[in-house]
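For reference, the structure discussed in these notes is given below.
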Amino acid sequence: MSSGNTLDDEDTFKILIATDVHLGYLDKDAIRGSDTYNTLDEILKCAKTNQVDFILLGGDLFHDNKPSRRCLHNCITMLRKYCMGDSPIHFNILSDQTINFNTTQFPWVNYQDENLNISIPVFSIHGNHDDPTGAEGLCALDLLSASGLVNHFGHSQSVERIEISPILMQKGNTKLALYGLGSIPDERLYRMFVNNQVTMLRPKEDQDEWFNLFTIHQNRSKHGPTNYIPEQFLDDFLDLVVWGHEHECLIAPTRNEQQLFYVTQPGSSVATSLSPGEATKKHIGLLRVKGRKMNLQKIPLKTVRQFFIQDVVLADYEDLFTPDTPQVTKKVEDLCYAKVIEMLEEAERERLGCPLTPEKPLIRLRVDYSGGFEAFNTSRFSQKFVDRVANPKDIIHFLRRREQKENIKDEVNVDYSKLLKPTAAEGLRVEDLVKQYFEAAEQKVQLSLLTEQGMGKAIQEFVDKDEKDAIQELITYQLEKTQRHLQARGVTTEQDIDAEIQKFRDSKKNTAEEENEIKEAINRAKAHRL
């Protein structure tokens, strides 16, 4: 739909699209503590200014599974300020709302509640940061849903089969089917797609008249053989997919030539890691839908803190120094200082005329010191920029190129960008680290009772959700189960016990039984805490 057709008439849906707000990220940081709140304020203000029909959030509204009191208070205050009021709502919901909003005791859209005065409805799925936990399967979004501020949809309660039922909306002659699927562990969802356990329901009448919009919160880029969701898995009747979870802003819709739908990836509205994907300028989208046509206008966010990242390979500066040059560390430090000053000057130029942009930018310099160079004292270096950058403690990130195992015959054609591997775990998830550790570990320190996936999940619960008993409970649970298995088999000799344990462990790897066991152990840990 060309911008010439975007006259906002009674047939045009106007939808504000944002994902991964990560409200409450670095909540206690003296410099960056208010960044996420300022940006959410800007997003909601933008929705009000543009008089949108509704706001669509693609998951991870909150950064923590258990948001702080300050975080919840700020969120509720802003939603009440911008989304409540007398402005009329111009679209109707035609689908069965008891199915669409099945996680609440008030199963209807908030603007139809006679006790509430809503001017801009907010529809949101949950992400992996604010996902449902506990016996009741509640998440922070359910608090906002119960208070009538947000419409939480896309929560699948079954682990056997997923049926995605759309919210059917109509404005004038335009019909919109809004599908949503909250975050599910990628490996499980991948397997369910492969086994045809995911169904997207469609309206029976006039199927070709509906504009089909799908919101998902999963890995889009491949992190492992099944640790992502390929676009080809999604149904080809969709028109537009709003992809949450990936933080790089690729908001311009790209066409999937196989399935013939478009994908927009709005990215996060705050940088939660100092990696290249986060350095792309942050945007939100204003989507207009009329009939089966759409137009997506990207709106730059002005309150986002600037972030600049550069890579320096010391071996490339042979004309300035080599590892044997006298006082080489001092010269390396001087080079890094010049690079940081360069980025600060660029930040200052960009900030001119943007009063909403925070004053101190985020700066990251990744220094590859392979080839005999030594790292300098980063704490002392950081002191020079304490008053000028928002992240003085981690400006410099030293990394070494991983040595090649095989002899490379043609040195000229080596692609060093592929060999650059950060030594720190930048952007990696806890369970990936556990898996990597055991893949690289020697045979004698391998797990014999637990699986890598189980251990990874338990550590993730311990780290991300503060479940202090998760690891202990998983070990106890597996120990009991293995003992019962050995007794049932009547195994007695030490050699047979070892072999049987190995067989029992391998039989469960990457199966539904393994997932159920992990879930059971984590539920026991939660029950223990409660």
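The values are calculated or read from the model by the stated rules, or taken from the named source; none is laboratory data. This is a predicted model, so every value here is computed, not measured. Using ideal geometry, Cβ is built from the backbone for each residue, glycine included, and neighbour counts are taken over all protein chains shown. With ligands, DNA and RNA removed, areas are computed over all heavy atoms of the protein, side chains included. Shrake-Rupley method; radii C 1.70, N 1.55, O 1.52, S 1.80 Å.
Comparing L399, I120, F373 along the charge dipole axis of the chain, the residue lying farthest to the positive side is I120, per the Cβ-charge model.
The range 75-161: which trypsin sites (Lys or Arg not before Pro) are DSSP loop and have at most 12 other beta-carbon atoms within 10 angstrom?
Numbers: sites: R80, K81, R161; in loops: R161.
Taking the range 75-161 and a limit of 12 other Cβ atoms within 10 Å, the loop trypsin sites (Lys or Arg not before Pro) found are R161.
Given the choices [x] 2.35; [y] 0.92; [z] 1.08, Cα Rg over 2.2 N^0.38 Å derived from the coordinates of this structure is entry [z]. With contacts taken as Cα pairs under 8 Å at a separation of at least 6 residues, the chain carries a relative contact order of 11 percent. Extension gain for the segment D394 to I475, taken as residue separation times 0.36 nm less the Cα-Cα distance, is 25.5 nm to one decimal. Label positions at D387 and S119, each projected 7 Å from the Cα along the C-beta direction, are separated by 4.3 nm. A crude spin-label estimate for the pair E346 and T49, with each label 7 Å from Cα along the Cβ direction, gives 2.7 nm.
Placing a pseudo-label 7 Å from each Cα along the Cα-to-Cβ vector at Q232 and Q310 gives an inter-label distance of 4.2 nm. Look at the Cα gyration tensor of the range 222-282: its axes a ≥ b ≥ c give a/c of at least 1.5 with a/b at or below b/c, and that counts as oblate.
What 222 nm value per residue comes from the helices of the chain, counting each DSSP H run with n ≥ 4 as -39,500 (n - 2.57) and dividing by all residues, nearest 500 deg cm²/dmol? Walk me through the numbers on the way to the answer.
Details: 13 runs with 161 residues, N = 530.
So the calculated ellipticity at 222 nm is -9500 deg cm²/dmol.
For the range 1-94, the square roots a ≥ b ≥ c of the C-alpha gyration tensor eigenvalues yield an a/c of 1.5 or more together with a/b exceeding b/c, which makes the shape prolate.
Annotation for the range 177-225: trypsin sites (Lys or Arg not before Pro) lying in DSSP loop with at most 16 further Cβ atoms inside 10 Å of their Cβ are K204, K222.
Restricting to bridges with both residues inside the range 153-312, how much of the DSSP beta-bridge set is antiparallel, in percent to the nearest 5?
On the way: 16 of 34 bridges.
The answer is about 45 percent antiparallel.
Oblate is the label for the range 81-201. Its Cα gyration tensor axes, ordered a ≥ b ≥ c, give a/c of at least 1.5 and b/c at or above a/b. The H on the amide N of V150, modeled in the peptide plane, is under 5 Å from the matching H of S145, each at least 5 residues off or on a different chain.
Rounded to the nearest 20, the Cβ-based charge dipole of the chain about its Cα centre (Lys and Arg +1, Asp and Glu -1) stands at 840 debye.
Compare D86, D60, D206 by solvent-accessible area with a 1.4 Å probe and give them largest first, with all protein chains kept in place. Show your work: numbers first, answer last.
Values: D86 130, D60 0, D206 80 Å².
From most accessible down to least: D86, D206, D60.
Among the trypsin sites (Lys or Arg not before Pro) found in the range 352-405, those both in a DSSP coil and sparsely packed, with 13 or fewer other Cβ atoms within 10 Å of their Cβ, are R402, K405.
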